[in-house]
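A short write-up of the structure that comes next.
Values quoted throughout were computed directly from the atomic coordinates according to the rules given, and no laboratory measurement underlies them. Worth saying up front: this structure is predicted, and the values here are computed from it rather than measured. Cβ placement follows ideal geometry from the backbone for every residue including glycine, while neighbour counts extend to all protein chains displayed.
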Amino acid sequence: MKVAIVTGASRGIGSAIAKALSENGYNLVLNYRASRDELEALAATLTTEVVLVQGDVGSFEESEAIISAAKTHFGRVDLLVNNAGIARDNLIMRMSEADFDAVNTTNLKGTFNCTKHVSRMMVKQRFGRIINISSVVGIFGNAGQANYAASKAGIIGFTKAIAKELAPRNITVNAIAPGFIETQMTDAISEEAKTASVDRIPLARFGKPEDIAKAVVFLASDDANYITGQVIQVDGGMTL
Ligand code: NDP
């Protein structure tokens, strides 16, 4: 049975990815930082084997423990989904150094940390799939999100570099760039801004976490064997 690690799985997109992977037969290592109750509630609904691992992906040591749980419990890992992410929005004049660092530590360094630790196992197996959750903001930018956009653009460059490095070992590395997806992260946005956003989306609706989960399942499947180093936008046409 295949094994996947999903970071930041306790709610939103990560939780939908975990559910979809379980439905597709994956045993799972699910990471959370603080929200254990939410993740336990999700795990209780899944039919494959699930291991919950607390840890901050921004910490090199803690991310090693998250990744090694797959080896300890299941003996292998087929898929890593780097999903954990935070936003601390502000205009550059008001953005603190702490908010710049926090966002880049979780989003970009967290992706580096987990990828670095998993690469050793995947190289030995001569098989692996790595999927990084970026954002359309990392491609097009967004006023008030310089820290977040930088971290998500960084993930895209990182994805392409690692795709080239690991391709000879039969490991594919891709990114998904979601548009506006309805989760706790986007709950904070004002109704006025939400209306303005939906007006810019050709499909005239916000995305659901399941829309991202389906793209993950595809990229992880054998149908995507020949796809690597790509960024798939799942955004309802928002950026056309
Ligand atoms: P949520 O805020 O709903 O969930 C974020 C998840 O990440 C939570 O499970 C949280 O767990 C976890 N997390 C946060 N920091 C850490 C950390 N340091 N270590 C481990 N886990 C952590 O966000 P979304 O579901 O909306 O976002 C998921 C991903 O998708 C993020 O990378 C986000 O940037 C990206 N994305 C989202 C979009 C959207 O419109 N929603 C658009 C584009 C990209 P806990 O509560 O336990 O900390």
Fill in the blank from the handout: Semi-axes in Å, largest first, for the chain (Cα gyration tensor, √(5λ)) are 27, 19, 19
Completion exercise
With label points set 7 Å from each Cα along the Cα-to-Cβ direction at Gln125 and Lys164, the distance between them in nm comes to 2.6
Completion exercise
Summed over the other residues with a beta carbon less than 11 angstrom from that of Asp101, with K and R at +1 and D and E at -1, the charge totals 0
Handout entry: Cut-off under 5 Å, modelled amide H: who pairs with Gln233 long-range
Key = Ala177
Handout entry: Cβ-placed point charges (K, R +1; D, E -1), dipole of the chain about Cα centre in debye, nearest 20
Key = 840
Handout entry: For Val50, residues with placed amide H under 5 Å, excluding near neighbours
Key = Leu28
Problem - Rg and Dmax of segment 147-225, Cα atoms only, in Å - result: 15.8, 49
Problem - Spatially close lysines, pair count over the chain: Cα under 23 Å, gap of eight or more or interchain - result: 27
Handout entry: Contour excess over end-to-end distance, with Cα ends at Glu97 and Leu203 and 0.36 nm allotted per residue
Key = 34.5 nm
